Amino acid sequence: MPGEPTNPKEAWEGPNGKEWKKASDEEMGSIIENDTLDLVNLPPGRKAISSKWLFKRKTDADGNIERYKSRLVAKGYQQQEKKDYNERLGTISLSNSSC
């Protein structure tokens, strides 16, 4: 089995294109249904943060393909503190010890 596609063209036009396209359509449907995307006009002088599609085959314990999974992710590393966001979330450590 070849590796996962690295871009949409490779996924959607490759041998399993129908499965990858369906997975991508499901991802976009989920984004719209969950209202996690806002299309807005950018303020003057600002650049949009780009995104990337990720593709992954989900397999069972025997290595048989169970489903094709596609995710659209923002390239958050392009953001600049105080310019693109104003707060930073700290790391949280969880412990299993009891007092």
Next item on the list: Consider SER70 carefully, then state whether it is within 23 Å of GLY17 (Cα to Cα), open to solvent by less than 90 Å² (accessible area, probe 1.4 Å), out of contact with any Phe, Trp or Tyr (no Cβ under 9 Å at 6 or more places or on another chain) and of a type outside the set (Asp, Glu).
Entry: no
Item checked: Residue list for the range 21-47, restricted to those being of a type in the set (A, V, I, L, M, F, W, C) and open to solvent by less than 70 Å² (accessible area, probe 1.4 Å) -> ALA23, MET28, ILE31
Next item on the list: Find the residue count for the range 2-20, including only residues that are within 20 Å of GLY63 (Cα to Cα) and open to solvent by 90 Å² or more (accessible area, probe 1.4 Å).
Entry: 2
Item checked: Residues of the range 55-75 satisfying the condition of being among the charged types (D, E, K, R) and out of contact with any Leu (no Cβ under 6 Å at 6 or more places or on another chain) -> LYS56, ARG57, LYS58, ASP60, ASP62, GLU66, ARG67, LYS69, LYS75
Check: Among ASP62, ASP35, which is the only one that is at pLDDT 80 or above, at positive phi and not in a helix (DSSP H, G or I)?
Finding: ASP35
Next item on the list: Could you tell me whether any residue of the range 38-58 is at pLDDT 90 or above and assigned to a loop (DSSP other than H, G, I, E, B)?
Entry: no
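The values are calculated or read from the model by the stated rules, or taken from the named source; none is laboratory data. Just so you know, these numbers come straight off a predicted model, no measurement behind them. Cβ atoms come from the backbone with ideal geometry, glycine included; neighbour counts cover every protein chain shown. Surface accessibility is based on the protein's heavy atoms, side chains included, excluding ligands, DNA and RNA. Shrake-Rupley method; radii C 1.70, N 1.55, O 1.52, S 1.80 Å.
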